[in-house]
1. Give me the pairs: first residue in region B:10-25 and more than 13 Å from chain A (Cβ to nearest Cβ) and under 10 Å from B:VAL54 (Cβ atoms), second residue modelled with pLDDT of 95 or more and assigned to a loop (DSSP other than H, G, I, E, B), beta-carbon distance under 8 Å, and six or more apart or on different chains, which are they?
2. Take the conditions within 23 Å of B:GLY299 (Cα to Cα) and surrounded by fewer than 24 Cβ atoms within 10 Å (Cβ to Cβ) and apply them to A:ILE274. Does it pass?
3. In the set B:LEU211, B:LEU194, B:LEU248, B:LEU241, which member is among the aliphatic types (A, V, I, L, M) and over 19 Å from the mean Cα position of the chain (by Cα)?
4. Return the total of residues in region B:323-378 being modelled with pLDDT under 95 and on the phi > 0 side of the Ramachandran plot.
5. Considering only region B:1-34, state which residues are of a type in the set (Gly, Ala, Ser) and surrounded by fewer than 16 Cβ atoms within 10 Å (Cβ to Cβ).
6. Can you tell me which residue in region B:254-292 is farthest from the other protein chains (Cβ to nearest Cβ), limited to those that are among the acidic types (Asp, Glu) and either under 19 Å from B:ILE224 (Cα atoms) or in contact with a strand residue (DSSP E or B) (Cβ under 7 Å, 6 or more places away or on another chain) (or both)?
7. Going by the conditions given, is A:GLY308 more than 22 Å from B:PRO306 (Cβ to Cβ) and either open to solvent by less than 10 Å² (accessible area, probe 1.4 Å) or out of contact with any strand residue (DSSP E or B) (no Cβ under 8 Å at 6 or more places or on another chain) (or both)?
8. Spot the failing condition for B:TYR121; the list is (1) surrounded by 23 or more Cβ atoms within 10 Å (Cβ to Cβ); (2) aromatic (Phe, Trp, Tyr); (3) in contact with a Gly (Cβ under 8 Å, 6 or more places away or on another chain), and only one is missed.
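The values are calculated or read from the model by the stated rules, or taken from the named source; none is laboratory data. If you're wondering where the values come from, they're calculated on a predicted model, not measured in any experiment. In this analysis, Cβ positions are derived from the backbone assuming ideal geometry, glycine residues included, and neighbour counts consider all displayed protein chains. Keep in mind that these areas ignore ligands, DNA and RNA; they rest on the heavy atoms of the full protein, side chains included. Shrake-Rupley method; radii C 1.70, N 1.55, O 1.52, S 1.80 Å.
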2 protein chains.
Amino acid sequence: MKEVAIGLIGAGTVGGGVVKILHTRRNTLGTGDVGVRLARIADKATSRFAALPVGDAVCTANAEDILNDPSIHIVVELVGGATFAKKAVLDALSRGKHVITANKALIAEHGPELFECASKYGVSLYFEASVGGGMPVIKTIREALAGNEIVSVKTIINGTCNYILTRMTAEGLPFALVLAEAQKNGYAEADPTLDVGGGDSGHKAAILASLISGGYVPFNAISIEGITAIGGEDIAFARELGYVIKLLGVINRKPGTGTIDVRVHPAMLPSHHILASVADVFNAVLLEGDAVGRILLYGRGAGEMPTGSAVVSDILDVARNIASGIPIRIPMDYYSTGHVVPVQPIEKITSRYYLRFTVTDRPGVLGSIAAFLGEEGISIASVMQREGYADDSVPVIILTHWAKENGVRRALAKIEKMDVIRQSTRLIRIEE
Amino acid sequence: MKEVAIGLIGAGTVGGGVVKILHTRRNTLGTGDVGVRLARIADKATSRFAALPVGDAVCTANAEDILNDPSIHIVVELVGGATFAKKAVLDALSRGKHVITANKALIAEHGPELFECASKYGVSLYFEASVGGGMPVIKTIREALAGNEIVSVKTIINGTCNYILTRMTAEGLPFALVLAEAQKNGYAEADPTLDVGGGDSGHKAAILASLISGGYVPFNAISIEGITAIGGEDIAFARELGYVIKLLGVINRKPGTGTIDVRVHPAMLPSHHILASVADVFNAVLLEGDAVGRILLYGRGAGEMPTGSAVVSDILDVARNIASGIPIRIPMDYYSTGHVVPVQPIEKITSRYYLRFTVTDRPGVLGSIAAFLGEEGISIASVMQREGYADDSVPVIILTHWAKENGVRRALAKIEKMDVIRQSTRLIRIEE
């Protein structure tokens, strides 16, 4: 039985989880076919080692000790960030070491360079933990659904946003208050921008879009809108209309166009939709394959042990590859700058829309709004007008039938020039 | 690039799906690392071939043509049943061919003999399609959650039963009527015994229990109760109490006892439970791992294309194993008669219970029932008594707190000797 040596860079939250799992499973992991040994652990914060069951692993402050050790077969990069992590990953790959990472920004933004380097040196780069924490999203797409063309993905992929929206919905609390509490409880970072601004979801959507399209979908081409502008009133109106608001990653293949529809934005889902019941910090990925139909994965998308579980799954896979003498089991050649898949601009999508206008309460206003929408061929599915706000303005909510986004934008531009419009209009896309 | 030759035995529903997917994906499946060629197809009903995109595959009425062909690397057994299928699988394995099957009865009842044979001849036996159709349940347990001890499984794993219960719940229809319609629509077999009696769910639960326990859990040791006795009134009472009734496979590891709790029975789930929203023919598997926490897989558990998708996933995995020269990637040595894991008798479980008594409406009856329950230390969580039936008997519904099943059974035996008891008592376990 071959024994595979692991070098772990980064003993923070996820790294700690990996050390704990490898320790707990040391007598059973890969039993019968391959042995896995945690040989070295590097972290600048050397005080972290004392709290971990590091066993016989050599602990060091210096990642170079791992990169320079020729006996290390697999480098596990759990540092995060893009600068040092990228350098370390490229360094490891070019020394013929396999790499496992949980770093979504790295894969989404620098994937082509990394996969090209891995291919050049005949090693693998695995990244299950980069999307969906403990849920086996990458493995399911690359292996379990290999017989499928995956035509669409809808995903709740950021636990912080889902936690905030769940509490706003359940308790009627405003965004800022829930965010502050989430920060206090450790459910949100001190700087929450990457989460609530949608960037984290965007990184994950870019990776999933690349995997299902068999090409590279550049992160910076994706339209991303976070949850910071979601108001309690929109959540309440959505509920009255039978919907819930979630931050969604949406991916639709566009066969024959050479493009792909990829976007991250708040979306209204019918309350009976399977994703509508995904609450708190849980994540879910709804995949639609041409053979398998709809498949849902649901679980914890972050955290020490769930994410550690995904890293250990990769470790065992790569160790089995090494033991078999076939270092690259699943080629990633398509994830390259030579196979860029252009993203369809969001202005060109077709969707249903929730529009909340804030208007002066005066006869004829609704008619004027409807006329501008009609000029763009936008058909109204339902209208709701309620009691006014304190300043005598009133909210008018319109749900549209399917319409082109660019038409909706043109209509809104005209409508917002009317002097009865008191605030900019809130637009939320409706997904089915 | 190595090309792997496939021989398919059985071109019925699932076999047809496999042929279609291999045809559709012929230019992309395993691109870059391994080629897959459908070389031969055998089916006694040779008329089936005409409707399928068989390409260059040699079609035959005789499975022997596949078993005797030394160029075939992988035999895909999609015949079903246990007699011929078992003989064909053993024959293929002992000739050094890898085997892929969707046959849950075969794996659950004869797994040890088959895996021992595969091990002896140095080949693999894959069976993803045997549990959960297109959902990657086996792969998730064996690979993605390899770093976990899976402590429990709760699963809705029979689409026919879930469809029937969903319609009974939504439309208030009786079992027999919904079953008859399901048979007419092709959602239930002409002989529905294996589905509605729980045997099919039992086969799948036995396989999952074996996988998570690292031993062989014999199918015939599992307590199995189907849905034929579920009445519309129990569904209605459950709903009033905030529950739904589902046919569940329940597996709990019992660390330190050397046994495992495995059972199939109707269960009441709180209506907010994630499994409660799994409707119609959909299946779901809720796995709880010690590291990853709760993970749910949801999808279509049966059907031509979903099950075909799972078979094709296995084909690609085994083809990659063959190409790498390591025929057995995931050892199954534990799935043997040398590693039997005894099943805890259902009388020894602890659960919460829904009990529906049918009694003569007379003062003091409820007190007597409560007294008999109290004698066994069974504490009552809630009681509901309603208007009487036409024959002047009345239903008394009691939900218990956690109690030992054998105590509940002893109490019911005493209660049913009272002359006010008009029908045998309905017992439904409550799962959280």
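1. These pairs meet every condition: B:ALA11/B:ASP43; B:ALA11/B:ALA45; B:ALA11/B:LEU52; B:ALA11/B:LEU78.
2. yes
3. B:LEU241
4. The number of residues fulfilling the criteria is 2.
5. Within region B:1-34, B:GLY12, B:GLY32 qualify.
6. This residue is B:ASP261.
7. So A:GLY308 fits the description; yes.
8. So B:TYR121 meets the others, but not (1).
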